[in-house]
Amino acid sequence: MCKGKCRGQIIPENFGELKRLKEEKGIIIAIGGCMMQEKHITDKIKESYPFVDVIFGTHTLYKFPEDLYISLEEKRKIEDVIDIDGKIYEGLPIKRDSKIKASVTIMNRM
């Protein structure tokens with residue numbers, strides 16, 4: 001599986017094959033990232049892939065272990081996406097704790 005867009009697609013072509021694995025092995029299926037911040041995308045996922053257990057956005061990544069736990073324990077679907085449109089701050093001073101690790105912005109809404 002690929003992350004993000006695959007050949008111009010939001011969801012990989014073979015994503016539906018996970019349904020079979022879920023039925024056979026009882027796996028939990030979660031999908032997350034920046035595209036989940038778009039309501040029409042999450043609506044499409046819920047409609048086309050109702051077997052997805054957890055949908056999370058970039059603003060709720062830190063809660064993924066909790067969302068996964070709730071999905072497992074309560075046997076219910078979780079949609080944990082926060083719609084936050086705020087200011088984008090650029091050109092701020094950089095302080096790094098490591099010379100080999102850094103974070104970069106990979107997508108910017110205009």
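Each reported figure results from applying straightforward, stated rules to the coordinates on display, with no laboratory input. Just so you know, these numbers come straight off a predicted model, no measurement behind them. Every residue, glycine as well, gets a Cβ built from its backbone with ideal geometry; the counts of neighbours run over all protein chains shown.
Among the residues of the stretch 16-65, those that are over 14 Å from the mean Cα position of the chain (by Cα) and either crowded, with 19+ Cβ neighbours inside 10 Å or acidic (D, E) (or both) comprise E17, E23, E24, E47. Scanning the stretch 56-87 for residues that are of a type in the set (A, V, I, L, M) and out of contact with any Gly (no Cβ under 7 Å at 6 or more places or on another chain), we see that the one that is farthest from I28 (Cα to Cα) is I84.
Contact map, the stretch 19-48: residues that are closer than 12 Å to E79 by Cβ and in contact (Cβ under 8 Å) with a residue 12 or more places away in the chain paired with residues that are assigned to a helix (DSSP H, G or I) and of a type in the set (F, W, Y), Cβ distance under 8 Å, separation 6+ or inter-chain. Pairs shown: A30/F64; G32/F64.
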